[in-house]
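Shown next, in structure tokens, is the structure this report addresses.
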Amino acid sequence: MAAETGQPRPRGSAGSRLGRRRTLIGAGALLALFVGAAIGVVALRKPAPAKVLCPPGAPCAPPSGKPLANLKTFRSPAGFRLEYDGSTFKVQGQASDYIQLLASTRYGESLLWIEGAPSSQLSPQAMIKRRIDDLGGRVIGNLVIDARPWHRILGASVGWRAGVGANYAGTIDTPQGTADPVTVGSVAATNGKLTIAATYVTTVTDERHRRGVLTGLDQVVNTARWQGDLGF
Amino acid sequence: MRCPSCHNEVPDGNFCVVCGHELGKDVPERHRFLTAVFGVPSESLLARRRRFAANPREGVLRPSVVTSLFPQLPQSSMIAFRVSLVGGLAVVLALGLAKLFPLGLIAGAVLVPTLAILYFVDVDVYEDQPFRVVAVTLLWGAATGIGYAFLVRTVSPTGARLFAESNGHQLLTRGILLPLLSVALMLAGPLILLPYRRFNDALDGATFGAGSGVAFAGGALIVHAFDTLADGFRPPGQVGPWLVKLADIAIALPVLSMATVGALAGAFWLRYRAPVGDRRALGRLGKPVYAVPLACLLILAGAVIQLELPILLALIVLLALDAVALVWLRAVVHVGLLEEAVEAEAYGPEITCANCGHPTHAHTFCEHCGVALAALPKIRTSAPPVSPVPPPEPAGG
């Protein structure tokens, strides 16, 4: 066995250290290792399956109305108003025809976006489409219909006025990489003159906490009143 | 015989061992484009030699991924890296097709960094200072990439608030300020090695920069992807856009970081480590005063197009940016290798070229395949030292 001299072999005569076979095995093994780790993390963080409390297709959620005392009021010159709990929601943005409310918990963030527009310009369906298309620009591809049965919107309404609505889902996309998965729900209703749409975006994935968050958002949506409504 | 390009007396062969010119052919027409646009001197070797010094089968201006990012691989290893890259991408896309998006994300985020680690090991790029080099390239890149991702989450919303943020604010933070910061972080680690005489050629700088860049991209992408792992194995989403996103993450984004920062670091090495006469060899592309804005522009453009363009169009533009960055990196590597042609003065003994397996005189280029011998792995062995033999007398004046 030759003694170690530490002298360099003439440059160009030394081949690679690993060789073809070990390179392929190494690349495959490292990739498998990371994918295996990802499988473990996904399995650990996977949200628990939701317990379906109601029979399929039938609305049975408990009444979510709450006394309207000590709540903050947003009045829109467009012709609607709503109330919200200032200790739970922070105003993220507002203008004459919309307000954005943000609720943050340790389980994630939820944004509620309530807006109004003349019904002659936007029907409830068109208003939902406009908002979903706009929000879809910030997720991978676009928002897709959330087909999970326990995410279905049953009996869509705004301010106790029957309307239309649907749930969507997607994953946030940024130039720095992908981010949280989100679920988005949008409901809209009209009194014939003004269309009001309420759209929520939440990153809460745990079904138990998500249900609590949505109940809180629902309570705000239920306070919406059109100009001319009783109690406006 | 006398080389028609460098006018040295060189051994008979396919290529000149001194300048790498293909013997038996006239001196090729010069790269007028490089001279006109980037100020590359027409007499420099970059403007005269069309074949890439690290892989003479390809031209300098060909944006090949593996030969540009891993230039020191011998031909035999190159195949294994190509297969690994293509196979890895196929695995990522297959996971996407199976709607296992979170797994595809992680596999994509680690694909190119994994190959970079194997490359560092394979070609012994760190020579006798493994800890220092790995620490300020791969480890620095990974650590700052992870820190950067956490900083991004602090200064710019990633949750529901993101949907309330204006486009202008997003463009400012995620399209301009954060990408600029990322360039500074990726470059800072390799620059620590700039004062060391041990690492004195542009190829070293390019390798360190590329290592830092790809580790940074991998670290940041994994931290961001971690949030995505919270919605089960098959979160809702359309397969088509997800496949495009996975291709972004697996190839387009890491290649952009790796090639851009590699070329930028190489430009610093060329400016501050190369012999004075070689510092103009890359024209404006080799001067940090031009290279820094160009690198920032490439990284910024990569971020802005992801914000502003539809996902498929963004991928196409990202790949075009990759091509620009790869060609820039190749030019830096090429010039770095050609520098050594000027530095080497004596022929060594006859050796077996690790690239093609044929005998050649130890000098700068293999006389059979034309590869720059400095582009091949640096392995220290127990072989006894060899004494250089003087070159034949140059013919004529």
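Somewhere in segment B:30-53, is a residue modelled with pLDDT of 80 or more and among the basic types (Lys, Arg)?
no
Name, by its number, the condition in (1) closer than 30 Å to B:LEU253 by Cα; (2) of a type outside the set (Phe, Trp, Tyr); (3) away from chain B (no Cβ under 14 Å) that does not hold for A:PRO175.
Of everything listed in (1) closer than 30 Å to B:LEU253 by Cα; (2) of a type outside the set (Phe, Trp, Tyr); (3) away from chain B (no Cβ under 14 Å), A:PRO175 misses just condition (3).
Here are the criteria: (1) of a type outside the set (Asp, Glu); (2) closer than 30 Å to A:GLY136 by Cα; (3) without any contact (Cβ under 8 Å) to a residue 60 or more places away in the chain; (4) crowded, with 21+ Cβ neighbours inside 10 Å. Tell me which single one B:VAL255 does not satisfy.
So B:VAL255 meets the others, but not (3).
From the list B:THR260, B:THR173, B:THR228, which one is assigned to a helix (DSSP H, G or I), away from every other protein chain (no Cβ under 14 Å) and of a type in the set (Ser, Thr, Tyr)?
B:THR260
Within segment B:74-89, restricting attention to residues that are among the aliphatic types (A, V, I, L, M) and within 8 Å of chain A (Cβ to nearest Cβ), which residue is nearest to B:PHE120 (Cα to Cα)?
B:ALA80
Based on what the data block shows, is A:SER76 among the polar types (S, T, N, Q), over 22 Å from A:ARG161 (Cα atoms) and either in contact (Cβ under 8 Å) with a residue 24 or more places away in the chain or in contact with a helix residue (DSSP H, G or I) (Cβ under 8 Å, 6 or more places away or on another chain) (or both)?
no
Somewhere in segment B:91-98, is a residue among the small types (Gly, Ala, Ser), farther than 22 Å from A:GLY19 by Cα and modelled with pLDDT under 85?
No, segment B:91-98 has no match at all.
Might you check whether a residue that is modelled with pLDDT under 80, of a type in the set (Val, Ile, Thr) and over 30 Å from A:LYS46 (Cβ atoms) occurs anywhere in segment B:119-127?
Looking through segment B:119-127, at least one residue is modelled with pLDDT under 80, of a type in the set (Val, Ile, Thr) and over 30 Å from A:LYS46 (Cβ atoms).
Run B:ALA210 past the list (1) under 21 Å from the mean Cα position of the chain (by Cα); (2) closer than 30 Å to A:PHE89 by Cα and report the number of the one that doesn't hold.
For B:ALA210, the exception is condition (2).
From the list B:SER77, B:SER68, which one is of a type outside the set (D, E, K, R), modelled with pLDDT of 80 or more, crowded, with 24+ Cβ neighbours inside 10 Å and within 17 Å of A:ILE25 (Cα to Cα)?
Result of the check over B:SER77, B:SER68: B:SER77.
Looking at (1) away from chain A (no Cβ under 11 Å); (2) touching a residue at least 24 places away in the same chain (Cβ under 8 Å), which is the one condition that is false for B:VAL92?
B:VAL92 satisfies all of (1) away from chain A (no Cβ under 11 Å); (2) touching a residue at least 24 places away in the same chain (Cβ under 8 Å) except (1).
Quick check on segment B:319-328. Is at least one of its residues modelled with pLDDT of 85 or more, more than 20 Å from B:ARG57 (Cα to Cα) and within 14 Å of chain A (Cβ to nearest Cβ)?
yes
Please enumerate the residues belonging to segment A:190-211 that are in contact with a Pro (Cβ under 9 Å, 6 or more places away or on another chain) and of a type in the set (Ser, Thr, Tyr).
A:THR190, A:THR195, A:THR203, A:THR205
Kindly establish whether A:ASP146 is in contact with a Pro (Cβ under 8 Å, 6 or more places away or on another chain) and acidic (Asp, Glu).
Yes.
Collect the residues in segment A:125-139 that are surrounded by fewer than 23 Cβ atoms within 10 Å (Cβ to Cβ) and more than 12 Å from chain B (Cβ to nearest Cβ), keeping them in residue-number order.
Across segment A:125-139, the qualifying residues are A:GLN125, A:ALA126, A:LYS129, A:ARG130, A:ASP133.
Criterion first (among the β-branched types (Val, Ile, Thr), within 12 Å of chain B (Cβ to nearest Cβ), under 19 Å from the mean Cα position of the chain (by Cα) and more than 19 Å from A:TRP113 (Cβ to Cβ)) does A:THR202 satisfy it?
no
Within the set of pairs 6 or more residues apart or between chains, which connect a residue that is within 12 Å of B:VAL123 (Cβ to Cβ) inside segment A:15-32 to a residue that is surrounded by fewer than 20 Cβ atoms within 10 Å (Cβ to Cβ) with Cβ atoms less than 7 Å apart?
Matching pairs, first to second residue: A:ARG17/B:VAL121; A:ARG17/B:ASP124; A:ARG17/B:ILE379; A:LEU18/A:GLY26; A:LEU18/B:VAL121.
Taking segment A:205-215 on its own, how many of its residues are surrounded by 19 or more Cβ atoms within 10 Å (Cβ to Cβ) and in a helix (DSSP H, G or I)?
Residues meeting the conditions: 3.
At least 2 residues that are at pLDDT 90 or above and facing chain B (nearest Cβ under 9 Å) in each: list the strands (runs of 3 or more DSSP E) lying fully within segment A:1-111 that qualify.
The qualifying strands (runs of 3 or more DSSP E) are A:90-95, A:98-105.
Which residue out of B:VAL134, B:VAL123, B:VAL112 is in contact (Cβ under 8 Å) with a residue 12 or more places away in the chain, touching a Pro at 6+ places or on another chain (Cβ under 7 Å) and more than 10 Å from chain A (Cβ to nearest Cβ)?
B:VAL112
Here is a list of conditions, (1) touching a residue at least 60 places away in the same chain (Cβ under 8 Å); (2) more than 10 Å from every other protein chain (Cβ to nearest Cβ); (3) in contact with a helix residue (DSSP H, G or I) (Cβ under 7 Å, 6 or more places away or on another chain), and B:VAL155 meets all of them except one; can you say which number that is?
Status for B:VAL155: all satisfied but (1).
Any residue at all in segment B:272-289 that's facing chain A (nearest Cβ under 10 Å), acidic (Asp, Glu) and out of contact with any Leu (no Cβ under 6 Å at 6 or more places or on another chain)?
Checked against the condition, which is being facing chain A (nearest Cβ under 10 Å), acidic (Asp, Glu) and out of contact with any Leu (no Cβ under 6 Å at 6 or more places or on another chain), segment B:272-289 yields no hits at all.
Could you identify the single residue in B:LEU243, B:LEU162, B:LEU151, B:LEU171 that is buried (at least 24 other Cβ atoms within 10 Å of the Cβ), outside the structural domain of B:PRO377 (by TED's automatic domain parsing) and under 21 Å from A:ASP180 (Cα atoms)?
B:LEU162
B:LEU181 versus (1) part of a helix (DSSP H, G or I); (2) touching a strand residue (DSSP E or B) at 6+ places or on another chain (Cβ under 6 Å): which is the lone unmet condition?
Every condition holds for B:LEU181 apart from (2).
The values are calculated or read from the model by the stated rules, or taken from the named source; none is laboratory data. Given the structure is predicted, the values throughout are model-derived calculations rather than measurements. Positions of Cβ are backbone-derived with ideal geometry, glycine not excepted, and every protein chain shown enters the neighbour counts.
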